[in-house]
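Structure record follows, encoded as structure tokens.
Coordinate-derived values only; no laboratory data. The model shown is predicted, which means the values in this text are computed figures rather than measured ones. Neighbour counts are summed over all protein chains in view; Cβ atoms, including those assigned to glycine, are modelled from backbone coordinates with ideal geometry.
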Amino acid sequence: MTSKKVHPDFVLVSLSLDEVQSAVHHAMDRTKEIVRQFIPKKSALNHLETNYIGMLGELAVRNWAGIDEELIQDYTDHKPDEGDLDLNGKVYDIKTEAIPEKWFLKLQTGGIRKFDPYGCRVFTEKHYHHIKKYSGGIIFCSLPVKDGETAKDEKIRESLLLTRDIMITGFISPEEIGIKNPTWYTPKNPKGGRRKYNSKNYIFHHTDLTPVRQILK
């Protein structure tokens, strides 16, 4: 990341080296035991990296919320998760996305448009049946990856291991997801063009999200 300027509704969390190391260990354990169910045709991350950034997002939200409990370490029962965070009596799922740095910087300042690449946060329709478990909703996190960098083998690339800043962009409630129509396509740009997602998604520009600080009020 080249800039610390952050949109006022977002929260930027700097993780410690211990937290990063914890994310690595959890990602490795999770990758060994849990099969990746939905693999995009052109995935920017390998299976291990997907689990790794998911752990980073979960640790970032816990860090921000002041939760000191250890992450659950047993992935051997292969049961579907019951949410990533229980906060103030509500359960939240945490979705973390790796975004090429060019577009991450636009999101970070709030300048990204809904029709830009990575302009919307997404929740796949394939996971909609899980919504009933997330009484608080979905918390969205993001982190940058080097422009043009692609996943290689089943290792975590060095640039991701060096990323310590995780951005929490906000959250959406189950009710707000329920009134949306899922789509295969991004919003149209001014010329009428749009891109197709890898799966049918519920999509949200950052202006559709509720600032995460509202959770603690």
Quiz prompt | aspartates and glutamates whose Cα lies under 18 Å from that of LYS5, excluding same-chain neighbours fewer than 8 positions away | solution = GLU101, ASP165
Self-check item: Fewest-first ranking of HIS47, HIS25, using other Cβ atoms within 10 Å as the exposure measure
Solution: HIS25, HIS47
Exercise. Among LEU48, LEU17, LEU85, determine the one that fluctuates most according to a GNM of the chain built with springs between C-alpha atoms less than 10 Å apart.
Key: LEU17
Quiz item: Anyone know which of GLY54, GLY89, GLY178 comes out most mobile in the 10 Å Cα GNM of the chain?
Solution: GLY89
Quiz item: Can you put MET28, MET55 in order, fewest other beta carbons within 10 Å first?
Solution: MET28, MET55
Practice problem: With 20 Å as the limit, write out which pairs from LYS133/LYS217; LYS114/LYS200; LYS114/LYS146 have Cα-Cα distances beyond it, or answer none. | Solution: LYS133/LYS217; LYS114/LYS146
Quiz item: In a GNM of the chain with a 10 Å cut-off on Cα contacts, which of ASP147, ASP116, ASP93 has the highest mean-square fluctuation?
Solution: ASP147
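Could you work out the relative contact order of the chain? I mean the mean sequence separation of Cα pairs under 8 Å and 6+ apart, divided by the number of residues, in percent.
For the chain, the relative contact order is 27 percent.
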Self-check item: For region 157-164, 3J(HN,Hα) per residue [Karplus equation, 6.51 cos²θ - 1.76 cosθ + 1.60, θ = phi - 60°, Hz, x = Gly/Pro]
Solution: 5, 4, 4, 6, 5, 8, 7, 10
